[in-house]
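I have placed the structure first, in the form of structure tokens, so that the comments after it can refer back to it.
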Amino acid sequence: MDLVPGTEIMTEAIDHTRFIHAHNYSDDVVLVPQPSADEHDPLNWSKMWKTTVIVNQGLFVLLSVFTALSIAPLTPIYMVEWDRSLSEVALLSGAVVISLGYANLVIIPCSNFFGRRPVLLACCAITLATDVWQALATSYESFLAARVLSGIGTAANESLMILVVTDIYFLNERGRFAGLYL
């Protein structure tokens, strides 16, 4: 039987291969991917540890997106403070969105090469540093530069959160946690 690319075998009907099932019941769903015997395999982590990881990632997503993309109500204040036009102040949000989008072209390959944790920690450090920089910025140009770099740190939540869910949950569990993220 030919499988359509992107599909997964969730029964034992093909090649009479023995699979590990959810809850160790042969009537239950076949676990995809099949877990290894390694206790450090994220698929074998305890439910509590997986929940801790997802909550931690969720907090990073909320805090980084909130600080990067919620300055629109401050537009009149920035226009007065830096004596800038509406389009120049709107660039503060646009710069974040553009850098956020393009940063994923680097973040995804880096996370595959170096691992999720180091890349997420680096992005978190960038986000924290640029948030402090934005708070201390005394000029429009400095604030704009901090916003551009903030988009690079924030980009991790756009792409890596779904990869983390994929790394620690089986196929039949992913939808719930990906839905919570979205």
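Before moving on, here are some points about what is shown:
- Y25, sole failed condition from (1) more than 29 Å from the chain's Cα centre (by Cα); (2) modelled with pLDDT of 90 or more: (2)
- Which numbered condition Y140 misses (of (1) surrounded by fewer than 17 Cβ atoms within 10 Å (Cβ to Cβ); (2) more than 17 Å from S64 (Cβ to Cβ); (3) not β-branched (V, I, T)): (1)
- Exclusive hit being over 15 Å from the mean Cα position of the chain (by Cα) and part of a helix (DSSP H, G or I), set L100, L144, L105: L144
- Against the test of being surrounded by 18 or more Cβ atoms within 10 Å (Cβ to Cβ) and under 24 Å from S46 (Cα atoms), the options I126, I168 yield a single qualifying residue, I168.
- Residue match in region 69-86 (condition: of a type in the set (K, R), within 22 Å of S159 (Cα to Cα) and either at pLDDT 85 or above or not in a loop (DSSP other than H, G, I, E, B) (or both)): no
- Selection of region 53-71 for residues being of a type in the set (G, A, S) and loosely packed, with under 11 Cβ neighbours inside 10 Å yields only S70.
- E81 vs. criteria free of Cβ contacts under 8 Å to residues at least 60 places away in the same chain, of a type outside the set (S, T, Y), over 27 Å from I168 (Cβ atoms) and touching a Phe, Trp or Tyr at 6+ places or on another chain (Cβ under 8 Å): no
The values are calculated or read from the model by the stated rules, or taken from the named source; none is laboratory data. None of these values were measured; they are calculated from a predicted model. Positions of Cβ are generated from backbone atoms using ideal geometry, with glycine treated the same way; all protein chains shown enter the neighbour counts.
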